[in-house]
Amino acid sequence: MNTINMKKAIKLIWSMGKSWIFISVFSNILLGIIPVLILITTKELVNSLANNIGDSNYNFVVPITLLILQLLISLASTLITNINDYIDKKFQLHLNYYLESEILKRASSIPLEYFDDNNFYDHLSRLDGSGNAFLAPFKSVIQIFRTIITLISMLGFLFSIHWSLVVFSLVVCVPMFIINSKFGDKRFWLLYNTTPEAREADYISQLIKVREASKEIRSFNLRDFLLHKWSTKFLKNNKANLLLAKKEHQSKIALDGASALFYGGAAFIIIWLIKKTKIQIGEFVVVGEAVHTTQSSINSIAVDLAQIYEKSLYINDYYKFVNYKTEDELNDRQEETQLLPNKLKKGIKLQNVSFKYLNSKKEILKNISLDIKPGEKIAIVGRNGSGKTTLVKCLSGLYEPTSGSILYDDIDAKSINPNEIRKKFSIIFQDFMRYYFKASENIAISSTDEINNKEKILATSKLADSHEFITKLDNGYNTLLGNFLGSGVDLSGGQWQKIAISRALFKEAEVLILDEPSSALDPITELNIYNKFNELSKDKTTIFISHRMASAKLADRILVLKDGMIIEEGTHEDLIKLDTLYAELYNSQAKWYQEQHEKEIQEVLV
């Protein structure tokens, strides 16, 4: 158990739930006393009736009073329990909100590289339901406090009859605690070790359910393959869980058998006491219940103590996650944070920049040096896996280089807050997001300060050629896009791309990056989009990535990447003369472009 993290948890619960703690403690004191009060009233009621059987003059005021008292005690118990449960639920929801918000804040603020690490995803998946796991140890402590009150009162009651009844009730306590602690620990580590398989099974399950994947699943007849894959992972987890449950229940059966033996011993003692002493029938009736309640109380304490240990592992896992350094926290370690000018005058410079992902030895970028002037149009080309997207992520402050430096107007990125760098960039990635919000929100989400600026949304949409089809939607710019969050309208791939382009333009950033956002379009349409971007970004620095060499001709300079290195650099004409990789890529596509162009001419003539 990590005592530092438990202290943090205690401090958090105390700061958020003082009233919850006080009410829970007080109500559980009352609930702890109630069982012995019921036993005492039952004993007096049975003795009163037994001692006066056959007495025609017996006054029934005493048993009626005792019955009414029992009823009131039961009603009080029900009332306190329900009030306590409601207060528990209210505080639990409050705590759930706080913990989940902290997880979301941390997940949205840590360096992007973490999202390329499977271990990070596994850790994040385990945190589901942290609110319940977080509160459980504290509820267990209060429950133990309540049970101890019940236990002490029961032991006192049993001791008043005979000391041996106390011994028989207590002796089963130690093995109960050991077994519950052992299996609490095993349950946590089972969850820890099966998280990757569980996450994969959940992913496949969601894949089958979501609309986006349904077309391919049917087109490629993937149903049996996916169901088999899901079933294998799911059943593997089930098998591990059932094996642990089997062992746990076998141990509990043995414990229950031991408890039954001790209970039988207590019954034997009661019979012996009836023969040897003048024990009344009321004591005989309630002593068995007292022994049973005592053993149940001991078992409850053992379970709660074990749960405190088990849930402390979850608490430790939570604090391990929130201890990931955010970008701001990493930046705070800098001695001095510098501000960027409103407009870059010298541009961006990369000096021997290399990058590799977390827990990976392979370098994606290798010693890249590059100068980008303000207003320059640069195309980055290369085969898949050459490092094009990684390069623009480093340029735009999404990734921090493993080695080397990136300078913005000669200011090292290491001394600049990453958020300040990102303000300079507007990016459309190949796998751009489709936000299932209103059309207007889809466009303006890139600059949320102006999300209600209707004039700007309209103007940007017209520039990106999305205005025409948006106005034809049922509710225009207020139309919900996609069917995920309600009865919305789904768009074609090209329409979604125009929405993404509108979003990039809405931000009005100094540097515009297009990472193959139009890859799903035909090359001629893509070329038209890049031509339009050239018009829209006259005063901006523009970097675009494309597999299509024809669009690269629009650039002032072309960078050719291979295996994470810049192997060629220059204009289209320069690189064609070199007759190396760029020329090979261009010539392999030139014939296709010519055929498409001739086809379009024929269609116009017809």
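The values are calculated or read from the model by the stated rules, or taken from the named source; none is laboratory data. Computed from a prediction, not measured in an experiment: that's the story for all the values here. Note: ideal-geometry Cβ built from the backbone for every residue, glycine included; neighbour counts use all protein chains shown.
Among the residues of region 74-106, the one identified as more than 22 Å from residue 140 (Cβ to Cβ), of a type in the set (A, V, I, L, M, F, W, C) and in contact (Cβ under 8 Å) with a residue 60 or more places away in the chain is 103.
When only residues in region 363-394 that are farther than 26 Å from residue 539 by Cβ and touching a helix residue (DSSP H, G or I) at 6+ places or on another chain (Cβ under 9 Å) count, which is surrounded by the most Cβ atoms within 10 Å (Cβ to Cβ)? Quick ask: steps written out before the conclusion?
First, pick out the residues of region 363-394 that are farther than 26 Å from residue 539 by Cβ: 363-369, 382-387, 390.
This time we only want the ones that are touching a helix residue (DSSP H, G or I) at 6+ places or on another chain (Cβ under 9 Å), so: 364-365, 368, 382-383.
On the way: 364: 21, 365: 27, 368: 24, 382: 24, 383: 13.
Per the stated criteria, the residue is 365.
With 316, 359, 384, 352 as the choices, which residue is more than 30 Å from residue 162 (Cα to Cα), over 34 Å from the mean Cα position of the chain (by Cα) and among the polar types (S, T, N, Q)? Result of the check over 316, 359, 384, 352: 352.
Only residues that are under 11 Å from the mean Cα position of the chain (by Cα) and either free of Cβ contacts under 8 Å to residues at least 60 places away in the same chain or outside any loop (DSSP other than H, G, I, E, B) (or both): list them for region 109-154, please. Before the answer, list the steps.
Going through region 109-154, the residues under 11 Å from the mean Cα position of the chain (by Cα) turn out to be 120-130.
Of everything in region 109-154, those that are under 11 Å from the mean Cα position of the chain (by Cα) and either free of Cβ contacts under 8 Å to residues at least 60 places away in the same chain or outside any loop (DSSP other than H, G, I, E, B) (or both) turn out to be 120, 121, 122, 123, 124, 125, 126, 128, 129, 130.
Taking the criterion of being touching a His at 6+ places or on another chain (Cβ under 9 Å) and at pLDDT below 85, the only residue of region 500-518 that qualifies is 516. Here residue 253 fulfils each of the conditions (1) under 26 Å from residue 294 (Cα atoms); (2) surrounded by 14 or more Cβ atoms within 10 Å (Cβ to Cβ); (3) at pLDDT 70 or above apart from (2). Flag set for residue 226, criterion: modelled with pLDDT of 75 or more, touching a Leu at 6+ places or on another chain (Cβ under 7 Å) and outside any loop (DSSP other than H, G, I, E, B). If I filter region 123-136 for residues that are under 25 Å from residue 298 (Cα atoms) and of a type outside the set (A, V, I, L, M), do I get at least one hit? Yes.
Listed here are the helices (runs of 4 or more DSSP H) enclosed by region 401-506 that have at least 1 residues being more than 28 Å from residue 111 (Cβ to Cβ): 439-444, 454-463, 467-471, 493-506.
Please list, ordered by residue number, the strands (runs of 3 or more DSSP E) wholly in region 345-389 having 2 or more residues that are within 24 Å of residue 120 (Cβ to Cβ).
Working: elements: 348-355, 365-372, 377-381.
Hits in region 345-389: 348-355.
Every condition in (1) free of Cβ contacts under 8 Å to residues at least 24 places away in the same chain; (2) not assigned by TED's automatic domain parsing to the domain that holds residue 562 holds for residue 313 except the one numbered (1).
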